[in-house]
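This report concerns only the one structure given below.
The values are calculated or read from the model by the stated rules, or taken from the named source; none is laboratory data. Computed from a predicted structure; not experimentally measured. As a convention, Cβ positions derive from the backbone with ideal geometry for all residues, glycine included, and neighbour counts pool all protein chains shown. When the accessible area is computed, the model is the full protein with side chains, heavy atoms only, and any ligands, DNA or RNA have been set aside. Shrake-Rupley method; radii C 1.70, N 1.55, O 1.52, S 1.80 Å.
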Amino acid sequence: MTHSPPRPGPESGTGTAPRPTTRFRLRRHTRRAWLVTHVIVSVGWLGLTLCLLTLAIAGATSEASTTDEMAYRAMRTFSDWLLAPLALLTALSGLVLSLGTPWGLARHWWVWIKFVLTLALIAASLLALRGVIGHAADQVAAGAEVHAQDLVMGPAVSLTAYVFLTAISVLKPWGLTRHGQRKRDAELAARRAGRGTPERAA
């Protein structure tokens, strides 16, 4: 979820950020603004998921129908008002930071896996989890039985995925993709050719 600012240095297959020459680059102040936005909405999405999991567990373990109803109604309010904005802003800000910094979107495995997994989480949250929460809120309001395990499972899986995304954001594992290796080789060849041009001219 969170992109840390790239560290200057020669590109390698480890976690060190490259310094390629591309068409689109964010200016320093703009990049910082996007980075702050990305951190805020990413942490907000993580906190929202933790809240949903806590409410789901409270509803599943409570023997009082009033507690169940309050928990599932609160889950519905949170998911209806906050889930879509936080999820979409996380993906958008992450995409801008990827394309506007030397990390790129498909150059490093950790960035690419983060982006793909984030899209999968957005689809699961908006298309499945919100529906399950809304159905549970309607059922408990009508006095019907609610399958609490479905409400617990969704936020639990999402929370696990967010912890994984945070970990690879810090560790930056796996090195370059094949696309990143080709870009690195092309940039190195262009630099060598640029340094060799004056010698040939002389």
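Brief remarks follow.
- Cα shape, the stretch 47-144, gyration tensor, a/c 1.5 rule: prolate
- Correct choice for Rg and Dmax of the Cα atoms in Å that was computed from the model, options (i) 22.3, 89; (ii) 17.9, 65; (iii) 17.2, 56: (i)
- Electrostatic dipole magnitude of the chain [Cβ: Lys, Arg +1; Asp, Glu -1; Cα centre; debye, to 20]: 2060 debye
- FRET efficiency for Leu50 and Arg195, using Cβ-Cβ distance with R0 set to 41 Å, rounded to 0.05: 0.20
- Most fluctuating residue given options Asp185, Asp68, Asp138, as computed from a GNM of the chain linking Cα atoms under 10 Å: Asp185
- Length added when fully stretched, Ala123-Thr66, from 0.36 nm per residue minus Cα-Cα: 17.4 nm
- Heavy atoms of Phe115 accessible to a 1.4 Å probe, total area in Å² rounded to 10: 50 Å²
- Inter-probe distance in nm under a simple model that places probes 7 Å from Cα toward Cβ, at Ala106 and Arg25: 2.3 nm
- 3J(HN,Hα) couplings calculated from phi for the stretch 117-126 with the Karplus curve 6.51 cos²θ - 1.76 cosθ + 1.60 (θ = phi - 60°) are, in sequence order, 5, 4, 4, 5, 5, 4, 4, 5, 5, 7 Hz; Gly and Pro show x.
- Mean residue ellipticity (222 nm) of the chain, computed from DSSP H runs ≥ 4 via -39,500 (n - 2.57), nearest 500: -24000 deg cm²/dmol
- Overall form of the stretch 93-202 per C-alpha gyration tensor (a/c, 1.5; a/b vs b/c): prolate
- Selection from Val146, Ala123, Gln181, by position along the positive dipole direction of the stretch 57-202 (Cβ): Gln181
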